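The values are calculated or read from the model by the stated rules, or taken from the named source; none is laboratory data. Predicted model only: the values in this text are computed from it and were never measured. Cβ placement follows ideal geometry from the backbone for every residue including glycine, while neighbour counts extend to all protein chains displayed.
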Amino acid sequence: MDVLNLSFFKILGILENDYDFQIQVETNSPPLACPHCGYVTKHYKHGNREQLCMDLPIHGKRVGLLIKRQRYRCRGCNQTFWERLDHTIDEKRNCIKRLLSYIEKQTLKRTFVSISEDVGLNEKTIRNIFRDYINRLEQTLRFETPNWLGIDEIHIIKPRCVLTNIEERTLLDILPNRNKETVVGNLSCIPNRGRIQYVTMDMWQPYKDAVRAVLPKATIIIDKFHVVRMANQALETVRRQLREGLSPKERRGLMHDRFILLKRHKELTEMDKITLDLWTKNHPSLGIAYDLKESFFDMWDSDSRQEAYLKYHDWKVMIPKEIQSAFEPLTKAMTNWEEEIFAYFDHRITNAYTESLNNLIRVINRVGRGYSFEALRAKILFTEGLAKERKPKYQKRMNDYELRDYNYPMFDKLSSVVRERGELLGIDISTLIEKLEKGEL
């Protein structure tokens, strides 16, 4: 019985232990011509050697093929040569090509160590196979350039820059860091980058510098969620400062009630309102900070940039001196990023998938133990079924030849003619989270 299913080899013997199969084989098709001079059948055997190549596991055991590899000498040119096995063996990794293909796919699902233990190759070899595979995929996978580009960040081991398609809510790439040089290099490689009209980001200067260098005509818009979050942080600062002067019992109460302070007033229940009134009556500075937070949030409902600008400056002068330091990071950011922040009111674009990215961070931190950043990035970008595709267009007209060539009942064949391949729009974040949570990645 041919347990290998490799027609090129003839099995000479099989050895087995608790963990491995060692299968002795030889080729059953000698070379027809000399690779040096091209003479046919004018060569003879001139020694041999055994070469160990790993193959796909069988019955949960590692498989090593001990190949009896023949050497020949040509009577025409008197040169020697080894029989060629490059159609079956990957000489660079010293393994059967089907094992190489198997390892490539497994590196997107499992850790390098577990694959190494299963197939019998060194972990460094697995890592190198993965790196070559990803480099090859990088050349073939291209996402459609968006009109609205999002630049955000995600914490995978350390902060990483994330590029997204805002309109389609898809992920385009995860960069190894968030340095200006890295972002510039990636943005420069985007095809047709002139079509990018708007870029939404947080208040990180290297992002702004990179966009100005590569996309000078694009309008930068600071994501409003990063701005309003600073109002919550200012309120939290006031709460912590107040907490230092409270009794232990009051501290515990304020610690649990902090979630009420973070709620919008319209979201408060009747019990929440009673609790909030109690705290704000006893500690007026906390009530003032809460009202400032609420009025800052309300500013984002303005109908125009001018209205928002006037509301902000009215809001700023209402901050009392005793809590001014708590709101200083927010007012300083509003001054430094004024143009980009108020651009939101001309183009109401946000990174609306922020919550999805937060969920993605949570899931990756749970399932990503044992993976390097490169492996996690590859798992996210190159796993089949995650990329969102634009629905293919339907060709309304067909020429007479096509109408004669196909019959109406043969719809499957016809549809392959009238449909065009859709454009890949990026990795669908919701699908990615769902598969990660189900353990399918």
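What the table below lists for this structure:
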{"read-out": "Candidate set: region 332-346, residues that are hydrophobic (A, V, I, L, M, F, W, C) and assigned to a helix (DSSP H, G or I); chosen: the one surrounded by the fewest Cβ atoms within 10 Å (Cβ to Cβ)", "value": "Ala333"}
{"read-out": "Pairs where the first residue, in region 157-177, is touching a residue at least 60 places away in the same chain (Cβ under 8 Å) and within 21 Å of Lys224 (Cβ to Cβ) and the second is part of a strand (DSSP E or B) and of a type in the set (Phe, Trp, Tyr), C-beta under 6 Å, 6+ apart", "value": "Ile166/Trp148"}
{"read-out": "Unique residue being more than 30 Å from Leu432 (Cβ to Cβ), surrounded by 15 or more Cβ atoms within 10 Å (Cβ to Cβ) and modelled with pLDDT under 90 when the list is Glu50, Glu26", "value": "Glu26"}
{"read-out": "Complete set of residues in region 1-20 that are within 15 Å of Gln51 (Cα to Cα) and either surrounded by 15 or more Cβ atoms within 10 Å (Cβ to Cβ) or in contact with a Cys (Cβ under 9 Å, 6 or more places away or on another chain) (or both)", "value": "Phe9, Lys10, Ile11"}
{"read-out": "Ala218 on the phi < 0 side of the Ramachandran plot and out of contact with any Asp or Glu (no Cβ under 9 Å at 6 or more places or on another chain)", "value": "yes"}
{"read-out": "Hits in region 1-44 (condition: over 30 Å from Gln79 (Cα atoms) and polar (S, T, N, Q))", "value": "Asn5, Asn17, Gln22"}
{"read-out": "From Leu330, Leu292, residue being touching a residue at least 24 places away in the same chain (Cβ under 8 Å), assigned by TED's automatic domain parsing to the domain that holds Phe259 and in contact with a helix residue (DSSP H, G or I) (Cβ under 6 Å, 6 or more places away or on another chain)", "value": "Leu330"}
{"read-out": "Filter result (of a type in the set (Asp, Glu) and surrounded by 21 or more Cβ atoms within 10 Å (Cβ to Cβ)) within region 102-158", "value": "Asp152"}
{"read-out": "Condition met for Thr170 (surrounded by fewer than 17 Cβ atoms within 10 Å (Cβ to Cβ) and closer than 23 Å to Leu386 by Cβ)", "value": "no"}
{"read-out": "Residues being in contact (Cβ under 8 Å) with a residue 60 or more places away in the chain and more than 23 Å from the chain's Cα centre (by Cα) - total across region 91-131", "value": "5"}
{"read-out": "Top-ranked residue in region 173-229 [being under 30 Å from Lys379 (Cβ atoms) and basic (Lys, Arg); ranked as surrounded by the most Cβ atoms within 10 Å (Cβ to Cβ)]", "value": "Arg178"}
{"read-out": "So Asn78, is it at pLDDT below 90, part of a loop (DSSP other than H, G, I, E, B) and polar (S, T, N, Q)", "value": "yes"}
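Table: residues versus (1) in the same structural domain as Gln51 (by TED's automatic domain parsing); (2) modelled with pLDDT of 90 or more; (3) of a type in the set (Asp, Glu).
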site	(1), (2), (3)
Leu66	yes, yes, no
Gln70	yes, no, no
Cys74	yes, no, no
Glu83	yes, no, yes
Asp86	yes, no, yes
Glu91	yes, no, yes
